[in-house]
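Okay, so here's the structure we're looking at.
The values are calculated or read from the model by the stated rules, or taken from the named source; none is laboratory data. These numbers were taken from a predicted model, which means no experiment stands behind them. No Cβ is skipped: glycine too gets one built from the backbone with ideal geometry, and neighbour counts run over all protein chains shown. These accessible areas exclude ligands, DNA and RNA; they are computed on the full protein's heavy atoms, side chains included. Shrake-Rupley method; radii C 1.70, N 1.55, O 1.52, S 1.80 Å.
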Amino acid sequence: MSGEIKKEIEQCIAQIESYEQKIADLRQEKETYPLEDYANSNGISNNSDVGKMKLRKTLNGHFGKIYGMHWAPDSERLVSAAQDGKLIIWNGLSESMLAAVQLRSSWVMACAYSPDGKCVASGGLDNFCSVYQVDFSSASNTQGAKAELTQHEGYLSCCRFIGSNEMLTSSGDATCILWDIETSTAKTTFADHESDVMSVSAHESNQWFVSGSCDASAKLWDYRAGKRCLRTFMGHESDVNSVAFFPDGQAFGSASDDSTCRLFDIRSYDQLNCFKNEHIICGITSCDFSQSGKLLFAGYDDYNCYAWDVVTGNFVQTLNAHENRVSCLGVNKNGTALCTGSWSFKLKIWA
């Protein structure tokens, strides 16, 4: 190696160390969040109509840890997935089990309900996504899968329907894939993450989806435009386990193992708020917004679901009926109910 090349390498190393120190110094500075600052400067307090949610229903039927749930478009039915090897479709109003699907593998991690209400899907440690036709003719659905989407090389962490014939999946192989369900083929693979992708969220009003990963980042994609991400949102200090679009589709929330949830604005490419409490030091598994966007709900490893005021960033209510980790949650489409699922084998509906 010539002396000139060696000198250039040393200069590059020194420059990298300088940048690393600048990043460390910036992280030591007090973080500021536009929404919180606005609320403080204008004397805005928590919304008066929050903090009144009560437990209304308990859904019993699983015999294993619940890992996923998703509401149907009618806001009454929902599907849940647990490590008893079953997908169960429920009527949330009557607490009744409408149908059950026996899965080939009990190591399920995710489930989804299609926008037309005709299909459900699941996936997990078997590395593929199975799509099933909803059948209410009997309590037990023994029919085989309508489609099996196989290309991921790692566990399937999340799945979401895009319309009635496309599926979006995320995986431990650090990729997301857009599928054609009818042909069971991958249309586009999104591979800009550097570690396991834990969650995806798509918004019906645009062609965007957002993903959260163990590389501590969230990424915005246009699933019609190509394979490269549009933007990368940093701020978390550990795995991003869940992402959820804000109701208007112009912002999204994220939940992380660093004990914080964060709100990112897509248009300004900025972090608007951070939801944390010095007494809450456990990981966060899931998050979703109320229909109005006033509240952010998050499920925690300490067995609780916490509600946060989106504008002020303040904690407003604890929903604490579970006896184990809250692993998943979701607000129904018409905004009238929140469902939480837990490792205690139960689903709870709040309103």
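Can VAL79 be described as of a type outside the set (Gly, Ala, Ser) and either touching a Cys at 6+ places or on another chain (Cβ under 8 Å) or at pLDDT below 95 (or both)? Let's see the steps before the verdict.
Working: of a type outside the set (Gly, Ala, Ser): yes; either touching a Cys at 6+ places or on another chain (Cβ under 8 Å) or at pLDDT below 95 (or both): yes.
When the stated conditions are applied, VAL79 passes them.
Residues of the range 230-257 being assigned to a loop (DSSP other than H, G, I, E, B) and either open to solvent by 30 Å² or more (accessible area, probe 1.4 Å) or modelled with pLDDT under 95 (or both), which ones? Before the answer, list the steps.
Residues of the range 230-257 that are assigned to a loop (DSSP other than H, G, I, E, B), as a first pass: 230, 234-239, 246-250, 257.
Once the filter is applied, which keeps residues that are assigned to a loop (DSSP other than H, G, I, E, B) and either open to solvent by 30 Å² or more (accessible area, probe 1.4 Å) or modelled with pLDDT under 95 (or both), the range 230-257 yields LEU230, MET234, GLY235, GLU237, SER238, ASP239, PHE246, PRO247, ASP248, GLN250, ASP257.
If you go through the range 52-61 one residue at a time, do you hit one that is open to solvent by 50 Å² or more (accessible area, probe 1.4 Å) and either at pLDDT below 95 or polar (S, T, N, Q) (or both)? Don't jump to the end; show me each part of the working.
Kept after step one, since they are open to solvent by 50 Å² or more (accessible area, probe 1.4 Å), are these residues of the range 52-61: 52, 54-57, 60.
Subsequent filtering for residues that are either at pLDDT below 95 or polar (S, T, N, Q) (or both) retains 52, 60.
Looking for residues that are open to solvent by 50 Å² or more (accessible area, probe 1.4 Å) and either at pLDDT below 95 or polar (S, T, N, Q) (or both), one finds at least one in the range 52-61, hence yes.
Of everything in the range 81-90, what is open to solvent by 30 Å² or more (accessible area, probe 1.4 Å) and assigned to a strand (DSSP E or B)? Give them in sequence order.
Pass one, the range 81-90, residues open to solvent by 30 Å² or more (accessible area, probe 1.4 Å): 83-84, 86.
The answer is LYS86, and nothing else.
Of everything in the range 119-147, what is open to solvent by 70 Å² or more (accessible area, probe 1.4 Å) and either at pLDDT 95 or above or outside any loop (DSSP other than H, G, I, E, B) (or both)? Give them in sequence order.
Once the filter is applied, which keeps residues that are open to solvent by 70 Å² or more (accessible area, probe 1.4 Å) and either at pLDDT 95 or above or outside any loop (DSSP other than H, G, I, E, B) (or both), the range 119-147 yields LEU125, GLN133.
Starting from the range 300-321, keep only residues that are within 15 Å of LEU263 (Cβ to Cβ), then list their pairs with residues that are assigned to a loop (DSSP other than H, G, I, E, B) and of a type in the set (Phe, Trp, Tyr) whose Cβ atoms are within a distance under 9 Å, requiring at least 6 positions of separation or different chains.
VAL310/PHE246; GLY313/TYR33
In the range 156-172, which residue that is in contact with a Gly (Cβ under 9 Å, 6 or more places away or on another chain) and either closer than 16 Å to CYS111 by Cβ or in contact (Cβ under 8 Å) with a residue 40 or more places away in the chain (or both) is surrounded by the most Cβ atoms within 10 Å (Cβ to Cβ)? First the steps, then the outcome.
Step one: of the range 156-172, the residues in contact with a Gly (Cβ under 9 Å, 6 or more places away or on another chain) are 156-159, 169-172.
Retained after the next criterion (residues that are either closer than 16 Å to CYS111 by Cβ or in contact (Cβ under 8 Å) with a residue 40 or more places away in the chain (or both)): 156-159, 169-171.
Working: LEU156: 28, SER157: 29, CYS158: 26, CYS159: 29, THR169: 26, SER170: 32, SER171: 26.
Top of the filtered list is SER170.
Just give me the residues in the range 173-198 being open to solvent by less than 10 Å² (accessible area, probe 1.4 Å), outside any loop (DSSP other than H, G, I, E, B) and not aromatic (Phe, Trp, Tyr), in sequence order.
From the range 173-198, those open to solvent by less than 10 Å² (accessible area, probe 1.4 Å) are 176-179, 181, 190, 197; that's our starting set.
With outside any loop (DSSP other than H, G, I, E, B) added as a condition, the list becomes 176-179, 190, 197.
Those that are open to solvent by less than 10 Å² (accessible area, probe 1.4 Å), outside any loop (DSSP other than H, G, I, E, B) and not aromatic (Phe, Trp, Tyr): CYS176, ILE177, LEU178, VAL197.
Go through (1) surrounded by 19 or more Cβ atoms within 10 Å (Cβ to Cβ); (2) at pLDDT below 95 one by one and return the number of the condition GLU204 breaks.
Status for GLU204: all satisfied but (1).
Could you please tell me which pairs satisfy a Cβ distance under 9 Å, a separation of 6+ or placement on different chains, a first residue in the range 96-125 that is basic (Lys, Arg), and a second residue that is open to solvent by less than 20 Å² (accessible area, probe 1.4 Å) and assigned to a loop (DSSP other than H, G, I, E, B)?
ARG104/GLY85
Run down TYR113, TYR67 and say which single residue is open to solvent by 10 Å² or more (accessible area, probe 1.4 Å) and of a type outside the set (A, V, I, L, M, F, W, C). Before the answer, list the steps.
Numbers: TYR113 fails: open to solvent by 10 Å² or more (accessible area, probe 1.4 Å).
Selected residue: TYR67, the only one of TYR113, TYR67 that is open to solvent by 10 Å² or more (accessible area, probe 1.4 Å) and of a type outside the set (A, V, I, L, M, F, W, C).
Just one of LEU272, LEU263 is part of a strand (DSSP E or B), among the aliphatic types (A, V, I, L, M) and open to solvent by 10 Å² or more (accessible area, probe 1.4 Å); which is it?
On the way: LEU263 fails: open to solvent by 10 Å² or more (accessible area, probe 1.4 Å).
Result of the check over LEU272, LEU263: LEU272.
Could you tell me how many of the residues in the range 303-351 are crowded, with 18+ Cβ neighbours inside 10 Å, charged (D, E, K, R) and in a loop (DSSP other than H, G, I, E, B)?
2
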